[in-house]
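A short worksheet on the structure shown next.
The values are calculated or read from the model by the stated rules, or taken from the named source; none is laboratory data. All values derive from a computational prediction rather than experimental measurement. In this analysis, Cβ positions are derived from the backbone assuming ideal geometry, glycine residues included, and neighbour counts consider all displayed protein chains.
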Amino acid sequence: MSAFFDLLSELSDRHPKPANLRFQYGTAGFRTQAHILDSVLFRVGVLAGLRSKKLDGKTIGVMVTASHNPEQDNGVKLVDPRGDMLEAAWEVHATTFANAATTDDFVSAVESFVKSAKIDLSKPSRVVYGRDTRPSGPALVAALEDGFKAIGVEARDAGVTTTPILHYLVRAINTKGTKDSYGDDSEEGYLVKLTSAFKKLVAGKQAPPPLVVDCANGVGAEAISKFQTHLGNSIKLVPVNIETTKPGALNNACGADYVKTSQKLPASLVGHLQPGQRACSLDGDADRLMYFYLDERGQFHMLDGDKIAALVAAFIVELVKTAGLDGEIKLGVVQTAYANGASTKYLAERLPVRCVPTGVKHLHHAAERFDVGVYFEANGHGTVLFSQETREKLADHEPSTPAQSTALNHLRSLVQLINQTVGDAISDMLLVEAILTHKSYSGEEWDSLYVDLPNRLVKVVVGDRHAFQTEDAERRLVSPKGLQAKVDDLVRRYDGGRSFVRPSGTEDVVRVYAEATIRSQADELAFRVAGLVYDESGGDPSGRPKEFL
Ligand SMILES: CC(=O)N[C@H]1[C@@H](OP(=O)(O)O)O[C@H](CO)[C@@H](O)[C@@H]1O
Ligand SMILES: [Mg+2]
């Protein structure tokens, strides 16, 4: 026992915590400037080892990435044995570990945690870990590996890889040799599983025109080229923004988050994308997806997570009906308050729709309650979950007509094609492509499923964002007192108006969202509510932004 803590202490000394900094394990794990993360990585390595011991040696995942953030940032998140995110209760322990001021504090935090969580240190521990293409990655991984060493973790290095591949590996390793085997526990296994399902789904159909894929100059570039090798001529991908080693290029004027927030083409495609040509953007770790195209007049149109959810849900509903499983398999869609009101209307006319608080873990858990749960955040992160019972039903069902048999086989292929551990940009992209192929839809036809309501998202810097508390899946404020009634008063004056205010979970701001039937009204409503929030909460001392009304 004491030898254990001696080694922990010795290694911890090599990774001192910078003074006066507070870290928090948030929605996306730890994420901040890379140069201050060394101690955090070491301690996450220790925590991952302890989590595995607590779970009898099941494999835990660790991903080193800062997703769509600028290149100088980095971060780390933990993956639980089923390939989903770390159990919420452990986020607190991660934060406690990260904030212990000295080695002694850290070692006693570990000691008391081991005692209170009843962790048997003699149990084995296993971790699989990967990183994105950031230049800060290797040094941070070395700190993580010291953490593993301190706990005696059997560690498997997945190298430079996408976040969704790492999640896949975790689930595949933990289900290996069982009847629930998720696939071969290798990158090759992942590629083969997804691409063979795609090829089955589109067999006999005419291949769609080539798809331009903006890889955000990140790890998706490497994955896309491996996918293309396996996809053969079933679909032609045209990867752009693939400069993974060019300094400063990652997520710079490209990628899913850039496209969504600026509502523009990636800069490198301006003047190059042809009207009508389909294109999509991945983010820096390839777990978010955004589609877009230019119309005949050269006008930019974006197909976001809501449009993907609508396309996917409608397709699966149709297949379930055709397969003769109507009424036996219940579909549902999960969204957040940020989903465009037009998408909610379109979906709610067809199937149950639930609204949950922001953050993938909320969506994921709510989607698990349906037989088939489709969830997407408007920002392009999402997937489809098939419950165990549904997967068994699909495997065992005896079709009575050739049409039923075809639909059933398509559903079985979808179960294989969709990465059900987490949102996976490339898996989602192939899902969209398979559906567009089946429906013979162009981007424009897909876009016309419903017309987005104009909307605007505004950030308000306030003195204390924790003063803002919400209810009803973040759609209504309960504090500051009286503010919601004032928001309601404003909203009533706008045709098709909707607006809500909530504190961000990832930035020190309050977010205001508004939509209305026409663009100028959506903007006006958003800036009025933002002005209200600013005035009522003693806003940023640096001044009231001039666009606030
Ligand atoms: C409006 C918006 O896009 N919010 C994002 C953002 O959360 P906030 O809590 O709004 O900061 O980051 C989350 C993590 O990446 C993502 O899940 C979420 O959709
Ligand atoms: Mg991401």
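As a summary of the residue check, Q33 satisfies the conditions (1) farther than 24 Å from G152 by Cα; (2) surrounded by fewer than 18 Cβ atoms within 10 Å (Cβ to Cβ); (3) in contact with a Pro (Cβ under 8 Å, 6 or more places away or on another chain) except for the one numbered (3). Filtering region 395-430 to residues that are touching a strand residue (DSSP E or B) at 6+ places or on another chain (Cβ under 8 Å) and within 30 Å of P275 (Cβ to Cβ) leaves G423, D424, A425, I426, S427, D428, M429.
Within region 429-452, the residues that satisfy the criterion of being closer than 20 Å to Q206 by Cβ and buried (at least 19 other Cβ atoms within 10 Å of the Cβ) are M429, L430, L431, V432, E433, A434, I435, L436, G443, W446. Within this structure, V128 passes the test of being part of a strand (DSSP E or B), within 25 Å of the chain's Cα centre (by Cα) and touching a residue at least 60 places away in the same chain (Cβ under 8 Å). Looking at V487, is it touching a Pro at 6+ places or on another chain (Cβ under 7 Å), buried (at least 20 other Cβ atoms within 10 Å of the Cβ) and without any contact (Cβ under 8 Å) to a residue 60 or more places away in the chain? So V487 does not fit the description; no.
With away from ligand 2 (no atom under 16 Å from the Cβ), touching a residue at least 24 places away in the same chain (Cβ under 8 Å), assigned by TED's automatic domain parsing to the domain that holds P275 and of a type outside the set (S, T, N, Q) as the only criterion, which of L250, L201 stands out? So the residue among L250, L201 that is away from ligand 2 (no atom under 16 Å from the Cβ), touching a residue at least 24 places away in the same chain (Cβ under 8 Å), assigned by TED's automatic domain parsing to the domain that holds P275 and of a type outside the set (S, T, N, Q) is L201.
Considering only residues in region 253-285 that are within 22 Å of R297 (Cα to Cα) and charged (D, E, K, R), the one that is farthest from ligand 1 (Cβ to nearest atom) turns out to be R278. If the condition is being in contact with a helix residue (DSSP H, G or I) (Cβ under 8 Å, 6 or more places away or on another chain), under 13 Å from L532 (Cα atoms) and within 16 Å of ligand 1 (Cβ to nearest atom), then region 478-512 contributes S499, F500, V501, V510, V512.
Contact map, region 458-470: residues that are free of Cβ contacts under 8 Å to residues at least 40 places away in the same chain and over 15 Å from S499 (Cα atoms) paired with residues that are exposed (fewer than 13 other Cβ atoms within 10 Å of the Cβ) and of a type in the set (A, V, I, L, M), Cβ distance under 8 Å, separation 6+ or inter-chain. Pairs shown: Q469/V478.
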